[in-house]
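Trainee: Quick one: the structure is below, questions incoming.
Bear in mind these aren't lab numbers, they're just calculated from the coordinates by the rules spelled out. This structure is a prediction, so every number in the text was calculated from the model and none was measured. Note that each Cβ is placed from the backbone with ideal geometry, even for glycine, and that neighbours are counted across all protein chains shown.
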Amino acid sequence: MYALCMGLGYGLCYYLPLVCAWSYFPENKDKISGLILGFYSLGAVSFALYGTEIVNPDNDSATIVVQTGATTESFYPTDSV
């Protein structure tokens, strides 16, 4: 169910702007498709950078390391906030 809903949601997010742009620019479907999909990717990259800057502006690294079985977890100290 989760995979079906996620696939449907992502499909609508990409497909609806493409259909609207294709109706306005029917001769340039290839250019419009490339621009829309390129800007979707550019938005994801830029918001990842902005989010990192907001959450960790000083670029601190995690100093508390906890070994739990086969995995290693890294945590920030409480005074780093």
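Trainee: Being outside any helix (DSSP H, G or I) and not charged (D, E, K, R) narrows it down to one of SER74, SER33, SER46, SER41, so name that one. Give the derivation first.
Mentor: Details: SER33 fails: outside any helix (DSSP H, G or I); SER46 fails: outside any helix (DSSP H, G or I); SER41 fails: outside any helix (DSSP H, G or I).
Result: SER74 is the single residue among SER74, SER33, SER46, SER41 that is outside any helix (DSSP H, G or I) and not charged (D, E, K, R).
Trainee: Answer with yes or no whether SER74 is surrounded by fewer than 11 Cβ atoms within 10 Å (Cβ to Cβ) and either under 23 Å from the mean Cα position of the chain (by Cα) or under 22 Å from CYS13 (Cβ atoms) (or both).
Mentor: Here the answer is yes, as SER74 does meet what is asked.
Trainee: If you go through the stretch 52-67 one residue at a time, do you hit one that is assigned to a strand (DSSP E or B), out of contact with any Asp or Glu (no Cβ under 6 Å at 6 or more places or on another chain) and not hydrophobic (A, V, I, L, M, F, W, C)?
Mentor: Checked the stretch 52-67: at least one residue is assigned to a strand (DSSP E or B), out of contact with any Asp or Glu (no Cβ under 6 Å at 6 or more places or on another chain) and not hydrophobic (A, V, I, L, M, F, W, C).
Trainee: Separate question: Pairs needed: first member in the stretch 43-64, surrounded by fewer than 10 Cβ atoms within 10 Å (Cβ to Cβ); second member anywhere, part of a helix (DSSP H, G or I); C-beta distance under 6 Å; at least 6 residues apart or different chains.
Mentor: Going by the 6 Å Cβ cut-off, there are no qualifying pairs.
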